[in-house]
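Inspection log for the structure reproduced underneath, given as structure tokens.
The values are calculated or read from the model by the stated rules, or taken from the named source; none is laboratory data. It should be emphasised that the depicted structure is a prediction, and the values quoted were computed from it without experimental measurement. Note: ideal-geometry Cβ built from the backbone for every residue, glycine included; neighbour counts use all protein chains shown.
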Amino acid sequence: MTHIATHNADTDLSQYRVKGEIPVPTLIGWLTLAAVPLLVFFAYRSSLRGDPTAPTVLVIFAGLLAANGIAYLIRHSSTLQRRGFITIITALFTYLAVQAVEDGSAIIWLFAYPPIIFYISQSRVGVFACAGGLAAVAVLFSPIGDLVFDAPYSTSFRLTMIAVLAFEMSTCYVLDQSRRRSKLGLLKLARDFEYAAKHDALTGLANRREVLSQLDNEYQRYLRNSRVFSVLLMDIDLFKSVNDNYGHHIGDEMIVLVASTLKEQCRKVDTLARWGGEEYLVLLPETGTEEAVKTANRIRKAVSSKSVSAEGQAIAATISVGVATICDDESVDRLLQRADEGLYRAKTLGRNTVCEFEGAFTD
């Protein structure tokens, strides 16, 4: 599943899918395939009954639905497909009710409207559409409706129809809200799993698997466009003694301290990762050696200015950094090996040092 933004209960969730859910464009497509022959069938029945207008109107609605479906196949715009479908079926159901098609029995098709409209549109659209539809039916069944449309509906049918339609609309709203909350919960769960799969739990930085994926993406871009990039491989100096002397909880505080410093000192386009234990890897897109060394030293100085508190004393943190910039046709593995060799040399030169494989930069 792709990245998922934060949603509220009225968000249009049609662009996101959960397992087993029918996509809205597919549902509209199937409804269209079912509706077109039904409308043609009832148009034929109306013609046999001698109705002067219903056959033509029903065939026109069938053509509009078919045209809406064809337009989607050509343009692949789910928004236009949905809006067109809602407009057509709203007009169709209005016509069926007002003209009392099939001796007035066609108005029963109104019961199909609420579940469809809630499923394929946003919640507020469903509420407004259903409220408007119920109000329109109430007007149709009122004395005003009798004067304007001469609707052939009995009093008992009118009362029952309004009551049952209102009940169905309310029920559809409640069920739709439950469905949306369930979907939001599943999307949040998927987002949490996606985040956990790509990030280190302690620091919130990318984990080793995620940064390797980003490295591969940057490497492929380098092969296509020759845009260089650099990596910084660093670890905390004398970290084992911190754990041994003050406990692992202080070691964890120091790991988090360095991670937060990386977030402060690096760009948004950089990928920051916990490489393992007290080691970190920073991927710097479109960055040459000189700029990478400057960035590494800025990070090193920022870390050395901070400390963690243990047993009433401040424990200073320092890091050593190996710098490597992609060159020629070397592989990512070789790039990482050069960064590791730079880090090893920084350690041998006394720690709290930035070192590119060919030289040291303590600044």
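Observations, loosely collected:
- Residue list for segment 198-222, restricted to those being without any contact (Cβ under 8 Å) to a residue 40 or more places away in the chain and in contact with an Asp or Glu (Cβ under 8 Å, 6 or more places away or on another chain): Lys198, His199
- Output for segment 126-156, where each listed residue is of a type in the set (Val, Ile, Thr) and touching a residue at least 24 places away in the same chain (Cβ under 8 Å): Val127, Val137
- Condition check for Leu159: surrounded by 14 or more Cβ atoms within 10 Å (Cβ to Cβ) and either of a type in the set (Ser, Thr, Tyr) or modelled with pLDDT under 95 (or both): no
- Out of Arg158, Arg209, Arg191, Arg181, sole residue that is more than 25 Å from the chain's Cα centre (by Cα) and of a type in the set (Lys, Arg): Arg158
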